[in-house]
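The values are calculated or read from the model by the stated rules, or taken from the named source; none is laboratory data. Only a predicted model underlies this, so the values are computations on that prediction, with no experimental measurement involved. For neighbour counting, all protein chains shown are included, and Cβ atoms are generated from backbone atoms with ideal geometry for every residue, glycine included. Protein only, heavy atoms only, side chains kept; ligands, DNA and RNA dropped before computing areas. Shrake-Rupley method; radii C 1.70, N 1.55, O 1.52, S 1.80 Å.
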Amino acid sequence: MVKQYLGLRGRSLQFAISFVCTTGFLLFGYDQGVMSGIITAPEFNREIPETKDNSTMQGFVTAIYEIGCLVGAVFVLIVGERLGRRRSIMTGAFIMIAGVLIQVTAYSGHQSLAQFVVGRIVTGLGNGMNTSSIPTYQAECAKTKNRGLLICIEGGSIAFGTLISYWLNYGVSFTKTDAVWRFPIAFQIVFAIIMIVFMLFLPESPRWLLSKDLDREGTEVIAALNDADIDSHVVQTEKRVILDSMAASAKNKATYRDLFTGGKTQHFRRMLIGASSQLMQQIGGCNAVIYYFPILFQESIGQTRDMSLIMGGVNMIVYAIFATTSWFIIERAGRRKLFLIGTIGQMTAMTITFCCLIPGTQGAAKGAAAGLFLYIASFGATWLPLPWLYPAEINPLRTRGKANAVSTITNWLFNFVVVMITPIMIDRIGWGTYVFFAAINASFLPFIYLFYPETRRRSLEEIDFIFAKGFEEDISYVRAAKELPLLSAEEVEEYAVRYGFVIDSREDGKGSGGSKDA
């Protein structure tokens, strides 16, 4: 008989959860990069002739995947709280496998374009479910001290997934057969199977279990994650803090209307902050570089297809290297500083790129290549992981699942727009494409500075007090985050009473967990 959670407890169990979450984002990154070396391949164009020398159709076939991701995120928004984090992730992986099989069985003369597009949508549907569920699952299972690190590792794994797809594309390009595109697409199944197998044995989020009145199951997961007895002080204190947070949220009564409420919980503001980070990640130009780097080298810089694939692979190595830097600085530098530094880096990179493309000479174009490398380095170290971390921790338990889904919907909606229009912009306005993205990045700076509070080293429950403090004292939430001290688990309970989230047990004799507002 298989032991509960494969016999894993404490750090080993947390590692297993992180491994599955990272694999999910590795798959996400792989799928982001896989079309870059396929869309202009002669073997692919032969099977799907509508894509040959047609920038609009190339953009459509690549970007339609984002529509599937959008639908998947909407699905999690609607039914994610009923399914739970674990089943949402497993369902998403199964759907991705189905979508891959539809894509790789497309053949010319048998409505190949329609079949491939349907496969892209189905695969996107599964990925949309995963990217909506995995950050929430990781955030709710992780310890406060390493939550930022773990979700940054997930975000960084997107770069490694893209790196794998770029070099795999280059490797199979020498076969000159249908394997040039069928094998890279089919390879996604490996990641999905790993996710499904492990998730069969891993626990559900303890916060989700407790929110569904599954008290025993939720307590067992907390105990397993802490490698402690169910009745131990650390387990009971953590459970009580979670229950207090749910009491403040009137547990089991959350509705879509709650996403638009203010007051001391500031649900609407917090949803907008999280969603805005995903919006800015996409319109900042990341996928204009990631999806179309080989095309940018061919069309904007004038390189051969073979050299463009090689340079794309090198760029992804740079991407992966810089993605790892966030792992070491996320809890030291904090979220705000990395957002601001990354934005300045991306703005500078896009400025260098368009300035070097204006002369229209081969020599100047090499400077544009340097700009693209600087962009992917800045993005990988900052904007790649942060929008997956920030919404998962900035939103409260009551609305976390729904608000995180809204953030992911925002990501995929604008991902689609950028991926769809980029080849057309490059074809029509050339270096003006990079002027546009430079200006967009510049517009991010004041918004981040004024509205993004720091959340590093905070428990998920502490973040509630930042917004309660800002609301009650009528100060900016950025200032409230600076002034609120870091709290122990016992102090979290005291602050919950101070801000009226729970009734003081000393006053009513009923113990914490009673809601003042419920």
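Count, please, the residues in the stretch 451-494 that happen to be within 17 Å of Met246 (Cβ to Cβ) and not in a helix (DSSP H, G or I).
1
Residue check: is Thr144 modelled with pLDDT under 90, under 26 Å from Gln278 (Cβ atoms) and surrounded by fewer than 20 Cβ atoms within 10 Å (Cβ to Cβ)?
Yes, satisfied.
Identify, from the list Gly99, Gly119, the residue that is modelled with pLDDT of 90 or more, surrounded by 19 or more Cβ atoms within 10 Å (Cβ to Cβ) and over 30 Å from Arg428 (Cα atoms).
Gly99
Just to check your reading of the model, which residue among Ile421, Ile448, Ile440, Ile409 is part of a helix (DSSP H, G or I), under 19 Å from the mean Cα position of the chain (by Cα) and either of a type in the set (Phe, Trp, Tyr) or surrounded by fewer than 22 Cβ atoms within 10 Å (Cβ to Cβ) (or both)?
Ile448
Given (1) basic (Lys, Arg); (2) open to solvent by 40 Å² or more (accessible area, probe 1.4 Å); (3) touching a helix residue (DSSP H, G or I) at 6+ places or on another chain (Cβ under 8 Å); (4) in contact (Cβ under 8 Å) with a residue 12 or more places away in the chain, where does Lys469 come up short, assuming only one miss?
With respect to (1) basic (Lys, Arg); (2) open to solvent by 40 Å² or more (accessible area, probe 1.4 Å); (3) touching a helix residue (DSSP H, G or I) at 6+ places or on another chain (Cβ under 8 Å); (4) in contact (Cβ under 8 Å) with a residue 12 or more places away in the chain, Lys469 is out only on (2).
Tally the residues that are at positive phi and in contact (Cβ under 8 Å) with a residue 60 or more places away in the chain, restricting the search to the stretch 472-502.
Adding up the residues that qualify gives 1.
Out of Ala364, Ala369, Ala381, I need the residue that is open to solvent by less than 20 Å² (accessible area, probe 1.4 Å) and either over 30 Å from Gly401 (Cα atoms) or among the polar types (S, T, N, Q) (or both). Which one?
Going through Ala364, Ala369, Ala381 in turn, just one is open to solvent by less than 20 Å² (accessible area, probe 1.4 Å) and either over 30 Å from Gly401 (Cα atoms) or among the polar types (S, T, N, Q) (or both): Ala369.
Looking at (1) at pLDDT 90 or above; (2) hydrophobic (A, V, I, L, M, F, W, C); (3) under 30 Å from Met311 (Cα atoms); (4) open to solvent by 20 Å² or more (accessible area, probe 1.4 Å), can you tell me which one Met57 breaks?
Of (1) at pLDDT 90 or above; (2) hydrophobic (A, V, I, L, M, F, W, C); (3) under 30 Å from Met311 (Cα atoms); (4) open to solvent by 20 Å² or more (accessible area, probe 1.4 Å), only one is false for Met57: (1).
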